[in-house]
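Peer 1: This is the structure I have questions about; it appears just below.
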Amino acid sequence: MAKETTYEEIARDLKNRIYKPVYYLMGEESYYIDRISEYIAQTVLNENEKEFNQTILYGADTDIATIINAAKRYPMMSKYQVVIVKEAQGVKNIDELSYYLQKPLESTILVLCHKHGVLDRRKKLAAEIEKVGVLFESKKIKDAQLAGFITSYLKRKSIEIEPKASEMMAEFVGTDLSRMAGELEKLIITLPKGQKRITPEQIEQNIGISKDYNNYELRNALIIKDVFKANQIIKYFEENPKTNPLQMTLSVLFNFFSNLMLAYYAPEKSEQGIAAQLGLKSPWQSKDYLAAMRKYSGVKVMQIIGEIRYCDAKSKGVGNSSLGDGELLRELVYKILH
């Protein structure tokens, strides 16, 4: 099976002005699809060339014949012409693109953006795209990879972020990368002049997450079984329900304990071994799992996962007569700790 093309490889080639005749960008994560198509739209042609040589089409309003005809045109007073098809998942009879791919124009850069789904790789079309161009799948990022995304996004802007601040952002925003990029840009703008490091205090001031009472701190309190701290955080959550919805807390706890369960199956119970098992970018991220393994047995973790699911069902009204979100969380945390 051919090695899948990565976003980094595509970005490097585009930066070096190495272009392919066709880019088929597909997948559940629209962030990378947008990044690649926008970069091509902004950088291949200069402003004068764009007027005659850049065409934007929309899947729902076009057909495959129009796309092929646009791709077959020669550029005017320019080396390239760019044709971008947005929402390409709406194009009927996309398989007919094969006719164009037999002899694509080297002077055309055809970009198809297929969001919220993928092209069937077993089809002839997928193989033909890979032969002459780029077939790229933008996959949903895993929770465990979020901290790595945040760090590398900021590194490109010459900004550092403290590990705790990175975890706070990951847990507050979640895996929507477009939203995450927007929140990080806000933080960069609010950094005091000359400061190149984002701290938990900055996030508290500008994003509205308490640096002491948040899901990250609750998770830490549970890892070390700090009953007093855990209850302090629950009380804060109860008093500030809008910024601390129960569903977000349950999602954070479920992800952590599910990963902890996987960590027990790591062949090597070291920072490196657990990082490899969970797909973590940095071994230091394994420390929390190693600490939790010293406090919780595998059997207990299985029970906790069940309790989180039960609490989630009760929060949606299943078998729960009158308990509020704060009481449900208090009950769950008691069961985790005891």
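The values are calculated or read from the model by the stated rules, or taken from the named source; none is laboratory data. These numbers were taken from a predicted model, which means no experiment stands behind them. Because the Cβ atoms are built from the backbone with ideal geometry, glycine has one as well, and the counts that use them run over all protein chains shown. Protein only, heavy atoms only, side chains kept; ligands, DNA and RNA dropped before computing areas. Shrake-Rupley method; radii C 1.70, N 1.55, O 1.52, S 1.80 Å.
Peer 1: Would you work out which of PRO267, ILE233, GLY317 lies farthest towards the positive end of the dipole of segment 195-331? Charges go on Cβ: Lys and Arg +1, Asp and Glu -1.
Peer 2: PRO267
Peer 1: Moving on to the next point. Out of all DSSP beta bridges in segment 7-137, what portion is antiparallel? Express it as a percent rounded to 5. Working shown, then result.
Peer 2: Values: 1 of 21 bridges.
Roughly 5 percent of the beta bridges in segment 7-137 run antiparallel, per DSSP.
Peer 1: Estimate the FRET efficiency between GLU96 and LYS281 by the formula 1/(1 + (r/R0)^6), using the beta-carbon distance for r and 56 Å for R0, to the nearest 0.05. All intermediate terms of the calculation are to be shown ahead of the outcome.
Peer 2: Details: r = 41 Å, r/R0 = 0.73.
Step by step, r from the Cβ atoms, then E = 0.85.
Peer 1: Could you give the size of the charge dipole of segment 215-337 about its Cα centre, using +1 on the Cβ of each K and R and -1 on the Cβ of each D and E, expressed in debye and rounded to the nearest 20? Walk me through the numbers on the way to the answer.
Peer 2: Numbers: 16 positive and 12 negative charges, 39 e Å.
Here segment 215-337 has a charge dipole of around 180 debye.
Peer 1: If you place +1 on the Cβ of every Lys and Arg and -1 on the Cβ of every Asp and Glu, how big does the dipole about the Cα centre of segment 1-59 come out, in debye to the nearest 20? Don't skip to the answer; put the middle values down first.
Peer 2: Values: 7 positive and 11 negative charges, 50 e Å.
That gives a dipole near 240 debye.
Peer 1: Protein chains only, probe 1.4 Å: how do VAL318, VAL44 rank by accessible area, largest first? Numbers along the way, then the final one.
Peer 2: Working: VAL318 90, VAL44 10 Å².
If we order VAL318, VAL44 from most to least accessible, we get VAL318, VAL44.
Peer 1: Let me ask something else about it. What residue among ILE336, ILE305, ALA292 has its Cα farthest toward the positive end of the dipole of segment 215-337, where the charges are +1 on Lys, Arg and -1 on Asp, Glu, each on the Cβ?
Peer 2: So the residue we want is ALA292.
Peer 1: With a ≥ b ≥ c the root eigenvalues of the C-alpha gyration tensor of segment 7-137, is it rounded (a/c under 1.5), prolate (a/b larger than b/c) or oblate? Walk me through the numbers on the way to the answer.
Peer 2: Working: a/c = 1.44, a/b = 1.21, b/c = 1.20.
It comes out rounded by the Cα gyration axes.
Peer 1: Say the cut-off is 27 Å between C-alpha atoms; which of LYS186/LYS295; LYS72/LYS92; LYS229/LYS300 go over it?
Peer 2: Working: LYS186/LYS295 38 Å; LYS72/LYS92 19 Å; LYS229/LYS300 21 Å.
With Cα atoms farther than 27 Å apart: LYS186/LYS295.
Peer 1: Would you check the accessible area of MET293, probe 1.4 Å, heavy atoms only, in square angstrom rounded to 10?
Peer 2: Rounded to the nearest 10, the figure is 40 Å².
Peer 1: Among the DSSP beta bridges whose two residues both lie in the chain, what percent are antiparallel, rounded to the nearest 5?
Peer 2: Antiparallel bridges: around 5 percent, rounded to the nearest 5.
Peer 1: Under a Cβ-Cβ cut-off of 11 Å, what is the net charge of the residues other than LYS314 that fall near it, where Lys and Arg count +1 and Asp and Glu count -1?
Peer 2: On the way: positive: ARG309, LYS316; negative: GLU307, ASP312, ASP325, GLU327, GLU331.
Net of charged neighbours comes to -3.
Peer 1: Could you tell me the relative contact order of segment 215-337? Use alpha-carbon pairs under 8 Å, at least six residues apart, and round to a whole percent. List each step's numbers first, then the result.
Peer 2: Values: 104 pairs, mean separation 37.1, N = 123.
Reported as a whole number, the value is 30 percent.
Peer 1: Right, something else. Let a ≥ b ≥ c be the square roots of the eigenvalues of the Cα gyration tensor of segment 143-207; is it rounded (a/c under 1.5), or, if not, prolate (a/b larger than b/c) or oblate?
Peer 2: Because a/c hits 1.5 or more and a/b exceeds b/c, segment 143-207 counts as prolate.
Peer 1: Within the set of other residues whose C-beta is less than 12 Å from the C-beta of ILE64, count the net charge using Lys and Arg as +1 and Asp and Glu as -1.
Peer 2: Numbers: positive: LYS92; negative: ASP63, ASP95, GLU96.
Cβ neighbours under 12 Å give a net charge of -2.
Peer 1: So, in Å, what gap is there between the alpha-carbon centers of segment 169-229 and segment 99-127?
Peer 2: 40 Å
Peer 1: Just one of (i) 23.0; (ii) 19.9; (iii) 20.6 is Kirkwood radius over Cα pairs in Å calculated from these coordinates, so which is it?
Peer 2: Of the labelled values, this structure produces (i).
Peer 1: Grab the eigenvalues of the alpha-carbon gyration tensor for segment 215-337, scale each by 5, take roots, and send me the semi-axes largest first in whole angstrom. Walk me through the numbers before you get to the answer.
Peer 2: Details: eigenvalues 146, 45, 31 Å².
In descending order, the three semi-axes are 27, 15, 12 Å.
Peer 1: Further question: Work out the length of the dipole vector of the chain about its Cα centre, built from +1 on the beta-carbon of each Lys and Arg and -1 on the beta-carbon of each Asp and Glu, and round it to the nearest 20 debye. Intermediate values should be presented prior to the final figure.
Peer 2: Working: 48 positive and 44 negative charges, 132 e Å.
Rounded to the nearest 20 debye, it is 640 debye.
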